[in-house]
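Quick notes on the structure that follows.
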Amino acid sequence: MNQSGLCLSKVLRFYKINVEKLIVVYDDITLDVGGLKLATTGGNGGHNGIKDILKYAGGGFVRFRVGIGGKKHPEMDLADHVLGKITENERVIFMEKVNEFIVGLKLVVDKGANLAMNSLNRKKKNNDTDKR
């Protein structure tokens, strides 16, 4: 993922696909485990893969961010956190959310990014938030 931008830009050019048609699904440590957020603009947020895609393919693609939560311990290496084994509790959360992720992707494909963002990025009421 960290160095996927060059290859991805070549695929887009070869198939004559505009970068705005691209949906990139990736992990986000700033979202709670199982959280979901969509965007079509912005910076790389410290994500090396997104940084590389922006460098080589440009912006405007759909960013389908899936929360993995922050590091469990401040001294933990970020790569160890991102690439490490998930806990049983995290696995349960992801399994509960998998249908929401699929519905979200289908909404982007069928109805477009703007409608999907308006629907999926709504702030949940406090009693709807599930922070495990």
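Quick notes on this structure:
- Pairwise Cα inverse-distance average, inverted: Kirkwood Rh of segment 55-126 (Å): 14.8 Å
- Sorting the segments 70-78, 25-33 by their residues' average number of neighbouring beta-carbon atoms within 10 angstrom, most packed first, yields 25-33, 70-78.
- Over 22 Å between alpha carbons, listed pairs Lys21/Lys85; Lys21/Lys106; Lys10/Lys85: Lys21/Lys85; Lys10/Lys85
- Where the chain is the region considered: accessible area per residue in Å², 1.4 Å probe: 68 Å²
- Rounded percent of accessible protein surface that carbon and sulfur make up, the chain, 1.4 Å probe: 55 percent
- Shown here is the pair-distance distribution of segment 1-105: with all Cα-Cα distances grouped in 5 Å bins from zero up to the longest one, the shares run 2, 11, 21, 22, 18, 15, 8, 3, 1 percent.
- Within-15-Å neighbourhood charge of Val24 [Cβ basis; K, R +1; D, E -1]: +2
- Think of it as helices only: each DSSP H run of n ≥ 4 in the chain is worth -39500 (n - 2.57), and spread over all residues that comes to -13000 deg cm²/dmol at 222 nm.
- Here the simple spin-label model places points 7 Å from the Cα toward Cβ, and for Glu88 and Phe101 these points are separated by 2.1 nm.
- Whole-Hz ³J(HN,Hα) from phi, Karplus 6.51 cos²θ - 1.76 cosθ + 1.60, for segment 91-107, glycine and proline x: 4, 4, 4, 4, 5, 5, 9, 4, 5, 4, 5, 5, 4, x, 4, 4, 4
The values are calculated or read from the model by the stated rules, or taken from the named source; none is laboratory data. All figures in this text were calculated on a predicted structure; none of them were measured in a lab. All Cβ positions, glycine included, derive from the backbone under ideal geometry; neighbour counts span all protein chains shown. Surface accessibility is based on the protein's heavy atoms, side chains included, excluding ligands, DNA and RNA. Shrake-Rupley method; radii C 1.70, N 1.55, O 1.52, S 1.80 Å.
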